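One structure below.
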Amino acid sequence: MQTQHRNSPSQPIPTLAADRFWQATLHRDSRADGSFVFAVRSTHIYCRPSCPARRPLRRNTVFFRTAQDAERQGFRPCRRCRPKQQDSATALVQQVAAVLANASKDSFRLGSLAAKVNASPAMLRRAFRRATGLSPKEFEQTFRLSRFKKMLREGSTITDALYACGYGSSSRLYEKTNAHLGMTPASYRKGGAGMQIGYTVANTSLGKVLVAATERGVSAVYLGENERTLVEELRKEYAKAEIVRAADGHDNWLKEIVRRVEGNAPSVDLPLDVQATAFQRRVWQELQKIPRGATRTYTQVARALHKPRSVRAVARACATNPVSIIVPCHRVIRSDGSLAGYRWGLPRKEKLLEREAASA
Ligand SMILES: [Zn+2]
């Protein structure tokens, strides 16, 4: 392996990334499709991460960023998962991402963008649908997020940045994906299988706050009196995830959440990494539009989603929100003005609303 790549123009895969790729391969994680392929030395075949075929032994497995890299080393594409077909759409998206990343103007014209990557507008539309689930226009709008650009500035490859921002997977981005939320596009398998979660607990004036996160974003924000109870809750919510106490993992995220608990306005965007149905996502995105100091009723939220009869489903989505504070479910109340319930206790909901109203 060490000499194999010497003459290859492709970058070698760092060990840490290879470990991540192997985990994604074991979990047949379709979110990883497009960000790498794995090749099997014994069969000379390469596959995308989600390939349904049997997993090879780790020691027979080599990872490549792209199908081209794998082929350069003599591997052939698998007939089941067709990694090359997958790759052409992704490659086109990556070229466009590179063009956009270097663009100085914010104007967007599909025709000229397509011309820059030697494609037709129709080809571009198809490639985007397949690789990201978004139209080129929607992609461009969400793409301009500072987070993505920041990652590139800090030296991430476009592939990694796309993946981290949730664009790496095939046709899994939901129609309404709001990149501002930083949610990853694929719904996790039930119980958070494949997630590696680190948690921290801090003291606030409302009691303990537990913040749990993966390397991609925040997965849980719980409030309570007792650390052990909160951790048990977390293990219930993500029963199949790997959960550890983080020594100092995401200090800045924790600090930001504590600030918000104390009633301060958001000062940074917090990426989320949560398991959710498409409907839950839509509700949570709607909740993030409620300004600090304001409240909405369940009925209003249901109407805003053009689902006026889904009031109860909206209430359920609020009650099951794992990232309190960031998704401000405490700002939703009953039509008669009463506060309704709160997973973390009514007194906390009351205090949060008071503080936000006072400082908004
Ligand atoms: Zn395959």
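The values are calculated or read from the model by the stated rules, or taken from the named source; none is laboratory data. Owing to the predicted nature of the structure, the values given are computational and were not obtained by experimental measurement. Virtual Cβ from ideal backbone geometry, glycine too; neighbours counted across all protein chains shown. The area values use the complete protein model at the heavy-atom level, side chains included, leaving out ligands, DNA and RNA. Shrake-Rupley method; radii C 1.70, N 1.55, O 1.52, S 1.80 Å.
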The range 310-360, residues that are surrounded by fewer than 23 Cβ atoms within 10 Å (Cβ to Cβ) and in a strand (DSSP E or B)
333
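Do we find that residue 290 is closer than 22 Å to residue 356 by Cβ, modelled with pLDDT of 85 or more, aliphatic (A, V, I, L, M) and assigned to a loop (DSSP other than H, G, I, E, B) in this structure?
Yes.
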Output the number of residues of the range 107-120 satisfying the condition of being touching a residue at least 12 places away in the same chain (Cβ under 8 Å) and either touching a strand residue (DSSP E or B) at 6+ places or on another chain (Cβ under 7 Å) or open to solvent by less than 80 Å² (accessible area, probe 1.4 Å) (or both).
5
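Return the only residue of 285, 275 being of a type in the set (S, T, N, Q) and within 22 Å of residue 230 (Cα to Cα). Walk me through how you get there before you give the answer.
On the way: 285 fails: within 22 Å of residue 230 (Cα to Cα).
Step by step, each of 285, 275 is checked, and only 275 is of a type in the set (S, T, N, Q) and within 22 Å of residue 230 (Cα to Cα).
Of the residues that sit in the range 15-47 and are basic (Lys, Arg) and away from the ligand (no atom under 13 Å from the Cβ), which one is farthest from residue 90 (Cα to Cα)? Quick ask: steps written out before the conclusion?
Within the range 15-47, the first condition is being basic (Lys, Arg), and the residues that meet it are 20, 28, 31, 41.
With the extra rule that they be away from the ligand (no atom under 13 Å from the Cβ), the set shrinks to 20, 31, 41.
Numbers: 20: 20, 31: 12, 41: 25 Å.
It comes out as 41.
Consider residue 268 carefully, then state whether it is under 16 Å from residue 326 (Cα atoms) and open to solvent by less than 30 Å² (accessible area, probe 1.4 Å).
Values: under 16 Å from residue 326 (Cα atoms): yes; open to solvent by less than 30 Å² (accessible area, probe 1.4 Å): no.
No; evaluated as a whole, the condition is false for this residue.
Filtering the range 198-218 down to residues that are small (Gly, Ala, Ser) and farther than 17 Å from residue 239 by Cα, which residue is most open to solvent (accessible area, probe 1.4 Å)?
Our first condition is that a residue be small (Gly, Ala, Ser); within the range 198-218, this holds for 198, 202, 205, 207, 212-213, 217.
Pick out the ones that are also farther than 17 Å from residue 239 by Cα and you get 202, 205, 207, 217.
On the way: 202: 20, 205: 72, 207: 16, 217: 0 Å².
Restricting to residues being small (Gly, Ala, Ser) and farther than 17 Å from residue 239 by Cα, the top hit is 205.
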Within the range 48-74, the residues that are crowded, with 19+ Cβ neighbours inside 10 Å and within 11 Å of the ligand (Cβ to nearest atom) are 48, 49, 50, 51
